[in-house]
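Below is one structure; the comments refer to it alone.
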Amino acid sequence: MSAVAETPNSVNPWRQRAAQLRIESRAFIDGRYVAAASGATFDCVSPIDGRVLAKVASCEAPDVDAAVASARRAFEQGKWSRAAPAARKKVLQKLGELMLAHKDELALLETLDMGKPIGDSLAVDVPGSARCIHWYGEAIDKVYDEIAPTGHDVLGMITREPCGVVGAVVPWNFPLLMAAWKLGPALAAGNSVVLKPSEKSPLTAIRLAQLAAEAGLPEGVLNVLPGFGHTAGQALALHMDVDVVAFTGSTRTGKRMLEFSAQSNMKRVWLECGGKSPNIVLADTRDIERAATAAAWGIFFNQGEVCTAGSRLLVQESIKDRVLEKVVEVGRTLQPGDPLDPATKLGAIVDTIQMGTVLKYIDAGRSEGASLVLGGTQTRRESGGYYVEPTVFDGVSPRMQIAREEIFGPVLSTLTFKDVDEAIRIANDTIYGLGAAVWTRDITTAHRVARALRSGSVWVNCYDNGDMTVPFGGYKQSGIGRDKSLHALDKYTELKTTWIDLS
Ligand code: NAD
């Protein structure tokens, strides 16, 4: 248990602030905070200690109808959808600034709600989200349309138009960041958005709505509906007046989104789903310690609740012991602590359900015959929260459940291979294709492996790096479409051809 958890609130400024925090827990529809039409609420529980943080509006179909109607009105009215890109840029830049001005508050909400270390919320989630909003604001007045290379007596114009009403449905692992990855390009392109955060972590999205209004986003352009997937999420995905669903979450729910589109209005569906990412370490890697340290962080960062978590460590047989020794050494230093302690590197698992899932997979690994070399149990029980030790399995075979299914927790499966071809075969033997890495000093091998990996992102001699300039998304059942970079604008714009006869 971390020292700070035992110290009185007066010693930890974040605990003091948490005690004073005023939490907004209503939906944001048509420019104002409102209770759910039914008056229903759900308990928003902090995984840090199991305490109820707030009673949050539990939105359902009537709230979805109201939010979509407001979003449609705003879109038709045109204050935002037909504003000059430079005007939209101004508002998005202001929103990015406001997010940074409220960095501490947003970080605290994120940590209380989702359990990640406050240091990560401050260094990664909030600045990364603000950066995304800034980036799309900055970009949008530099994107040009096209003129087709036609004959002289024709003008063929290819223009991009906003799609209309976007339903954004996001998960709980990076609540603000995943919302920003949708909002940045969708708003920059001129759409109206109805955002449904996860019921496990709705607080930063709710707060963001007010900041967006302060930044000058017109009423109805951003609505935020907290609620459950099978109620608010489903009603949004089935809605006849929603043009696009931009989803991040599990592959299982992603498939439902496709069904909902087919059952309703054939809305565009963009999916950012799960992963079981391979991290391949070849014997010729220049720096084994560095590769092993990155492998440990690649699985344990954010408690392993990362879609691109390097959950399958594939190591060439001859160096397996050396790599694993270092991974375990680093893992030992990453014991879960109080998420409100700035020194904590590993926080709480988002809720008891997810903790149960993680522990169930650890049991499956044991019973399938993998050998547990680190962790494996729940910890910090006295806190009242949900914590799992960093866990490492050795001797995992490609058929085991822990080698095939996304665990979404701090559990690493180590597999070995003899040569590069076998590594590629094992790496690609998955329904997923989100991230993958290869560590080698040979440039030809690096390129050959990178080309062979069926994955939306491949990292060479690093893990899970990147910035806003590159697209992010999955091959296979990891998704459809890409977040980040200018490519994300494709999701939120329709291409229009205007063919003008000049003869
Ligand atoms: P989830 O699929 O359970 O939920 C995601 C969102 O969908 C939530 O808002 C939820 O309320 C909603 N939802 C659930 N059921 C629904 C339904 N029937 N109809 C409509 N909406 C519904 O996923 P999760 O547990 O919140 O998130 C973890 C998953 O997200 C992991 O699989 C992870 O890999 C994935 N993820 C992917 C990326 C990416 O960019 N590819 C990023 C982060 C997380």
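The values are calculated or read from the model by the stated rules, or taken from the named source; none is laboratory data. Please read all numbers here as calculations on a predicted model, not as lab measurements. Note: ideal-geometry Cβ built from the backbone for every residue, glycine included; neighbour counts use all protein chains shown.
Go through the range 131-161 and count every residue that is touching a residue at least 24 places away in the same chain (Cβ under 8 Å), outside any loop (DSSP other than H, G, I, E, B) and within 24 Å of A488 (Cβ to Cβ).
Matching residues across the range 131-161 total 15.
Go over the candidates K90, K116 one by one and state the one that is of a type outside the set (G, A, S), farther than 27 Å from F247 by Cβ and either in a helix (DSSP H, G or I) or touching a residue at least 12 places away in the same chain (Cβ under 8 Å) (or both).
None of the others qualify; the one that does is K90.
Being over 22 Å from V169 (Cα atoms) and not in a loop (DSSP other than H, G, I, E, B) narrows it down to one of A69, A83, A19, so name that one.
The match here is A19.
When the range 358-409 is examined, which residues are found to be in a strand (DSSP E or B) and either of a type outside the set (A, V, I, L, M) or in contact (Cβ under 8 Å) with a residue 24 or more places away in the chain (or both)?
Across the range 358-409, the qualifying residues are S371, V373, L374, Q378, T379, Y387, V388, T391, V392, F393, D394.
Where in the range 211-302 are there helices (runs of 4 or more DSSP H), lying fully within it, with 2 or more residues that are more than 10 Å from the ligand (Cβ to nearest atom) and of a type in the set (G, A, S)?
251-263, 288-300
Conditions (1) crowded, with 23+ Cβ neighbours inside 10 Å; (2) over 29 Å from F417 (Cα atoms), marked per residue:
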{"site": "C307", "(1), (2)": "yes, no"}
{"site": "L313", "(1), (2)": "yes, no"}
{"site": "G347", "(1), (2)": "yes, yes"}
{"site": "T357", "(1), (2)": "no, no"}
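In this structure, is D483 crowded, with 22+ Cβ neighbours inside 10 Å and farther than 21 Å from V327 by Cβ?
Taking the combined requirement at face value, the residue satisfies it.
Being over 17 Å from P226 (Cα atoms), touching a residue at least 12 places away in the same chain (Cβ under 8 Å) and exposed (fewer than 15 other Cβ atoms within 10 Å of the Cβ) is the filter here, so list the residues in the range 22-72 that pass it.
G50, R51
Can you tell me which of V328, V306, V323 is under 25 Å from V169 (Cα atoms) and either more than 16 Å from the ligand (Cβ to nearest atom) or aliphatic (A, V, I, L, M) (or both)?
None of the others qualify; the one that does is V306.
Pairs under 7 Å by beta carbon, first residue under 19 Å from W172 (Cβ atoms) in the range 226-252, partner among the charged types (D, E, K, R) and more than 6 Å from the ligand (Cβ to nearest atom), six or more apart or different chains?
Partner pairs satisfying both residue conditions: G227/E60; T231/E60; A232/E60; A232/D63; V245/K267; A246/K182; A246/K491.
If you scan the range 429-461, which residues turn out to be more than 25 Å from R252 (Cβ to Cβ) and free of Cβ contacts under 8 Å to residues at least 60 places away in the same chain?
The answer is I443, T444, A446, H447, R448, A450, R451, A452, V458, W459, V460.
Would you pick out the residues in the range 162-183 that are more than 14 Å from the ligand (Cβ to nearest atom), outside any strand (DSSP E or B) and either closer than 16 Å to A212 by Cβ or modelled with pLDDT under 95 (or both)?
Residue satisfying the conditions is L183 alone.
Quick check on the range 383-395: of everything there that is crowded, with 24+ Cβ neighbours inside 10 Å and in contact with a strand residue (DSSP E or B) (Cβ under 8 Å, 6 or more places away or on another chain), which residue is nearest to V327 (Cα to Cα)?
Among those residues, the one meeting the criterion is V392.
Check the range 175-197 and report whether any residue there is polar (S, T, N, Q), touching a residue at least 60 places away in the same chain (Cβ under 8 Å) and either within 19 Å of S25 (Cβ to Cβ) or surrounded by fewer than 24 Cβ atoms within 10 Å (Cβ to Cβ) (or both).
There is no residue in the range 175-197 that is polar (S, T, N, Q), touching a residue at least 60 places away in the same chain (Cβ under 8 Å) and either within 19 Å of S25 (Cβ to Cβ) or surrounded by fewer than 24 Cβ atoms within 10 Å (Cβ to Cβ) (or both).
The rows are residues; the columns are (1) in contact with a Cys (Cβ under 6 Å, 6 or more places away or on another chain); (2) more than 16 Å from D113 (Cβ to Cβ).
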site	(1), (2)
R17	no, no
G31	no, yes
A36	yes, yes
C44	no, no
C59	no, yes
A66	no, yes
G78	no, yes
L92	no, yes
L98	no, yes
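Among the residues of the range 272-279, are any closer than 23 Å to P185 by Cβ, of a type in the set (A, V, I, L, M, F, W, C) and buried (at least 24 other Cβ atoms within 10 Å of the Cβ)?
yes
Could you tell me which of the residues T379, T414 is more than 16 Å from the ligand (Cβ to nearest atom), surrounded by 21 or more Cβ atoms within 10 Å (Cβ to Cβ) and more than 30 Å from W135 (Cα to Cα)?
One residue alone meets the criteria, T414.
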